[in-house]
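Data block below; observations after.
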Amino acid sequence: MSKILVTGGAGYIGSITTAELIAAGHRVVVFDNLYQGHREAVHPDAAFVQGDLARPDDIRALFAQHPDIDGIMHFASYTLVGESMQQPLKYLRDNLVNAANLLEVAIPAGVRRFILSSTANLFDKPERIPIEPDEHIIPGSPYGESKFFIERLLHWHKEIYGLRYVCLRYFNACGDTPTIGEDHSPETHLIPIVLQVALGQRERLTIFGDDYPTPDGTCVRDYIHVVDIAQAHIRAINLLADPLTKIQSHYNLGNGRGFSILEVIDSARRITHHPIPTEIGPRRAGDPALLIASSEAANQDLGWTPHFTDLDAIMRSAWEWHHTHPKGYLQ
Ligand code: UFG
């Protein structure tokens, strides 16, 4: 049975992927510095090592304790587009250096399978919608650029050391499970903020711009459930177990359908029965009008299709977690 290292496995997507990996019969080691992650989010059957990818000694200690790690899912990173526009080197330097530190130890330790949690922020000015995996790359921020740097690191580790890897570029990760959910501080993402309004924790939602060239003037995004994202990772790492598997180095993960901010708010009103007051604010820097993924290649090569295609089903899963965990993990 393989042993998978999940970096950032106490974070939102990493913790849910850890639980799905364990349910699928994998052994998992979570490595997390707990700056953003939550120890409570880590599945009890996963081994947990607290450490920081910025410290090579921590990574060496991790591999000394778990020399049989044979695959990595790399989620740990700084992930905020907006923050990256204010603190570019936190992203361009730290995300890259942390990934390089990990590879520097993992390759000599014999790891040959690697899945990168990448992003749709690589596609700031897509020529075609839905966005195909071969769309030209124009990162929308230092965050997106930092993920592209890591994709290139992986390319050269494949060429030189034979590392088998897949970069999964997700669009708008969202949704929760009944026991593990999204708990960021500060929260910047649309769905949890809308649900904070429904919980009475915020008075209203500010819609960042209603004059975009979209049907209702608000930004359109491709909302993809985090359990579907987790399942794509598991399919990809399983396929990489066979050195002869022919799969691409990168895939887009989305529902293939876009929803505007107003549609998200309407869904939240249906599910929570709260009026969700809103106001229109200025545009947020760096927001593209429309991002919708083509997941056809992931469908064909990974045999992956998203299970949560309906916005209300996604919203219901998020509401179930948020209203039972109104303070997140701080219950
Ligand atoms: N929005 C609001 N009000 C808010 C919060 C968000 O109007 O209070 C809007 C944003 O302006 C955007 C949409 O809701 O138009 C979605 O915003 P999110 O912050 O939830 O998500 P983003 O689309 O900005 O970012 C997501 C991921 C990033 C990833 C990016 C890829 O969170 O990590 O998609 O484009 F890089």
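The values are calculated or read from the model by the stated rules, or taken from the named source; none is laboratory data. Please read all numbers here as calculations on a predicted model, not as lab measurements. FYI the Cβ positions are ideal-geometry reconstructions off the backbone, even for glycines, and counts take in every protein chain you see. Ligands, DNA and RNA are stripped out before the accessible areas are found, and what is left, the full protein with its side chains, is counted by its heavy atoms. Shrake-Rupley method; radii C 1.70, N 1.55, O 1.52, S 1.80 Å.
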Diffing the range 280-289: the Karplus 3J(HN,Hα) column from phi (6.51, -1.76, 1.60, θ = phi - 60°), in whole Hz with x for Gly and Pro, holds 9, x, x, 4, 8, 4, x, 7, x, 5
Taking N as the residue count of the range 201-331, its alpha carbon Rg divided by 2.2 N^0.38 Å gives 1.26
Compute the Cα gyration tensor for the range 278-329, then decide on rounded, prolate or oblate, letting a ≥ b ≥ c be the square roots of its eigenvalues: rounded whenever a/c is under 1.5, prolate when a/b is larger than b/c in the other cases, and oblate in all that remain. oblate
Using +1 at the Cβ of each Lys and Arg and -1 at the Cβ of each Asp and Glu in the chain, identify which of His184, Asn95, Pro282 lies farthest towards the dipole's positive end. Asn95
Ranked order, Met1, Met73 - accessible area, probe 1.4 Å, largest first: Met1, Met73
Sum of -39500 (n - 2.57) over DSSP H runs of 4+, divided by residues of the chain (222 nm, nearest 500): -11000 deg cm²/dmol
Under 5 Å between amide H atoms, partner at least 5 residues away or on a different chain: which partners does Val28 have, H built in plane at 1.01 Å? Ile4, Ala47
Rg and Dmax of the range 45-174, Cα atoms, in Å? 15.3, 47
Anisotropy class of the range 116-182 from Cα gyration tensor, a/c 1.5 cut: oblate
Probe 1.4 Å, protein heavy atoms only - accessible area per residue of the chain in square angstrom: 43
Which order do you get for Tyr35, Tyr170 if you rank them by accessible area with a 1.4 Å probe, largest at the top? Tyr35, Tyr170
So how far, in whole Å, is the C-alpha centre of the range 1-73 from the one of the range 161-196? 16
May I ask for the percentage of alpha-carbon pairs in the chain that lie more than 35 Å from each other? 17
Tell me, what HN-Hα J-couplings in whole Hz come from the Karplus equation 6.51 cos²θ - 1.76 cosθ + 1.60 at θ = phi - 60° for each residue of the range 315-322, using x for Gly and Pro? 4, 4, 5, 5, 5, 4, 5, 5
Hey, any idea what % of the range 1-149's accessible area is carbon plus sulfur with a 1.4 Å probe? 52
Dividing the mean separation of Cα pairs under 8 Å (6+ apart) by the residue count of the range 79-161 yields a relative contact order in percent of 42
Distance in nm between pseudo-label sites at Thr245 and Glu132 (7 Å out along the Cβ direction from Cα): 2.4
Excluding residues fewer than 8 positions from Lys158 in its own chain, the lysines with Cα under 22 Å of it are Lys3, Lys147, Lys246
Accessible area of the range 193-331 belonging to carbon and sulfur atoms, whole % at 1.4 Å probe: 51
Arrange the residues Leu89, Leu163 by how much accessible surface each exposes, largest first, with a 1.4 angstrom probe. Leu89, Leu163
Computed lengthening from Glu104 to Arg55, 0.36 nm per intervening residue step minus Cα-Cα distance: 16.5 nm
Which residues' amide hydrogens lie under 5 Å from the amide hydrogen of Ile224, considering only partners 5 or more residues apart or on another chain, with H built in the peptide plane? Asn172, Ala173, Cys174
